[in-house]
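So the structure is just underneath, and the comments pick up after that.
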Amino acid sequence: MDEVLSSTLQRAVAEQLDYLDHLVDAGDEATKMSLATHEISRLTTTFRTMLADHAPDEHGLCRACRTAPWRRAHCGLLKAAYSNLIGNPADHGNGHTGRHSLRISRTAIT
Ligand SMILES: [Zn+2]
């Protein structure tokens, strides 16, 4: 994908997200119900697709964010998704660390 097309697509997505934020802030109840019915499903589908693209490899490294074999980059998408959807792992205060601490915080919202 060339730079112009990428910029155009990124701008269009950003504008759509701004529009959805506006509807959440200024929309009436019918509009918000429509958002919950239609847009949340589209957003979760989009998020799942992005997370699949950023799935860890056999070494636990993101396949999309790793740009060179010698560079062990952390996944920016996963960090942003976790902090925005669940919270800062350091703020859980549950005394648990490691991969199982994420499971505990996840069950707290169900
Ligand atoms: Zn990634």
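The values are calculated or read from the model by the stated rules, or taken from the named source; none is laboratory data. What you see is a predicted model; the values in this text were computed from it and never measured. Using ideal geometry, Cβ is built from the backbone for each residue, glycine included, and neighbour counts are taken over all protein chains shown.
Quick notes on this one:
- Hey, Ser101 modelled with pLDDT under 85, assigned to a helix (DSSP H, G or I) and either of a type in the set (Lys, Arg) or in contact with a His (Cβ under 6 Å, 6 or more places away or on another chain) (or both) or not: no
- A Cβ distance below 8 Å, combined with a sequence gap of six or more or placement on separate chains, defines the contacts here; from the range 1-27, residues that are farther than 19 Å from Thr46 by Cβ reach residues that are modelled with pLDDT under 95 and not β-branched (Val, Ile, Thr) in the pairs Gly27/Leu35.
- Within the range 64-93, residues that are surrounded by 10 or more Cβ atoms within 10 Å (Cβ to Cβ) and at pLDDT 85 or above reach partners that are in a loop (DSSP other than H, G, I, E, B) and β-branched (Val, Ile, Thr) with beta carbons closer than 8 Å, at six or more positions or on different chains, in the pairs Ile86/Ile109.
- Condition met for Glu39 (more than 21 Å from Asn84 (Cα to Cα) and among the charged types (D, E, K, R)): no
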